[in-house]
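A.B. asks: Before anything else, here's the structure in question.
Laboratory data are not the source of any read-out in this text; all were calculated from the coordinates shown. All values reported here derive from a predicted model rather than from experimental measurement. Here the Cβ positions follow ideal geometry from the backbone for every residue, glycine too, while neighbour counts run over all protein chains shown.
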Amino acid sequence: YAYADDNIDDVPVFIFDKYFAQRAPELVRDYEVPAVFRGRDLFDLLGEGRPDFRWLLIGNRRSGSKWHLDPNKTCAWNAVVRGRKRWLLLPPGCPPPGVHPS
């Protein structure tokens, strides 16, 4: 915890783990997909061939990702377990700084 408590980095590191469901299945059992999203994931049709879709991100204050587009034409929903997350939303057709859609 020393890094998290004492860091003054410009861009603090954070944990980004796409294997957490295999490493800690009890975390998956503790969470339920909200009703509004159930049955709407067309990637479920791909079975074992579906792209990665579940990640655990853990970060301290000031950590986070850079501007990006989600992979595989996916849309993400997020749950904050503790603390807060700050978002900046832009209108359609207005790419964020440094992002060049193809």
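A.B. asks: What FRET efficiency would be calculated for the residue pair Val99, Tyr19, taking the C-beta separation as r and a Förster radius of 22 Å, to the nearest 0.05?
C.D. replies: That pair, Val99 with Tyr19, gives E of 0.25.
A.B. asks: Please compute the length gained on full extension between Ala79 and Phe43, using 0.36 nm multiplied by the number of residues separating them and subtracting their Cα-Cα distance.
C.D. replies: On the way: separation 36, 0.36 × 36 = 12.96 nm, distance 2.00 nm.
The span from Ala79 to Phe43 would gain 11.0 nm if fully extended.
A.B. asks: Here's a follow-up. At 1.002 mPa s and 20 °C, plugging the Kirkwood radius over alpha-carbon pairs of the chain into Stokes-Einstein gives what diffusion coefficient in µm²/s?
C.D. replies: It diffuses with D of about 129 µm²/s by this estimate.
A.B. asks: Ok, one more. How far is it, in nm, from the label point at Ala35 to the one at His68 when both lie 7 Å from their Cα along the line to the Cβ?
C.D. replies: 3.3
A.B. asks: Which whole-number percentage describes the relative contact order of the chain, with Cα contacts under 8 Å and a sequence gap of 6 or more?
C.D. replies: Here the relative contact order equals 35 percent.
A.B. asks: How charged is the neighbourhood of Phe16? Take every other residue with its Cβ under 13 Å from the Cβ of Phe16, and add Lys/Arg as +1 and Asp/Glu as -1.
C.D. replies: Neighbourhood net charge equals +1.
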